[in-house]
Amino acid sequence: MNFSFVTLFPNLIDHYFKDSILKIAVEKKLINYDFFNPRDFSSNKHNKVDDTLCGGGAGQLMTVQPLFDCIDEIKTKYEDAYIVFPLAAAKPFNQKDAIRLAKKKNIVFISGRYEGIDERVIEQYADEVFSVGEYILTGGELPSLIMSDAISRNIHGVLGNQDSLEGESYGDKELLEAPNFAKPVNFKDLSVPSEFLKGNHAKICDLKNKLSICKTKYYRP
């Protein structure tokens, strides 16, 4: 899997791949990533990539020319590039999307800045658009990282133990994951539920399912 990030600020993304699970995945060549900066494609002598909004409004908007040329360059490099725009006004990104997109070979995330991206760029190039939540961020880099992380976990071999994917929230059952506990069994008068300690896996599974249902009803009524 290759992730391409179109961003004015590559450093915001690069560091996330330098540690932990994703670092190992890169070293094992399970995933790769590269960057494309729209400023490098600007025809403006000052490498400007933004301008005022047509029709008025506060702020600046990322303009068409640098992004068109930038994305065309990516599509030349990766003929099977699948282009994703993180947007506030879009369908929610979920676990099923992460699992589905993990089967792609080249995913391109277009990170907007300022007041966003000229709609013509989105209409021309978007294969999908996603929102990561009902709030506004200063740019698309964090949503791009969130999605690339979620997708990466579902690529075979990225997690040290593939069983870690089983029973997670938002999986096949559409239930939130049940509470989990680790040793020590007792800490400051707080104990692990006794059923978890008896070794009866059928009863443990039944209890986890009940707790999962309770948690889902509480947080997702």
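With the requirement that a residue be farther than 23 Å from VAL49 by Cα and loosely packed, with under 15 Cβ neighbours inside 10 Å, what does region 83-113 give you? Correct list: LYS91, PRO92, ASN94, LYS96, ARG100, LYS103, LYS105.
Annotation: VAL26 fulfils all but one of (1) more than 18 Å from VAL132 (Cβ to Cβ); (2) part of a strand (DSSP E or B); (3) among the aliphatic types (A, V, I, L, M); (4) modelled with pLDDT of 95 or more; the unmet one is (2).
The set of residues in region 31-53 being closer than 19 Å to ILE74 by Cα and in a strand (DSSP E or B) consists of ASN32, TYR33, ASP34, PHE35, PHE36.
Take the conditions (1) in a loop (DSSP other than H, G, I, E, B); (2) under 26 Å from LYS29 (Cα atoms); PHE109 misses just one of them, which is (1). Considering LYS29, LYS23, LYS45, LYS18, the condition of being closer than 16 Å to LYS105 by Cα, without any contact (Cβ under 8 Å) to a residue 60 or more places away in the chain and basic (Lys, Arg) is satisfied by LYS29 alone.
The values are calculated or read from the model by the stated rules, or taken from the named source; none is laboratory data. Every value quoted in this text rests on a predicted model; they were computed, and no experiment measured them. Methodologically, a virtual Cβ is constructed for each residue, glycine included, from the backbone with ideal geometry; neighbour enumeration extends over all protein chains shown.
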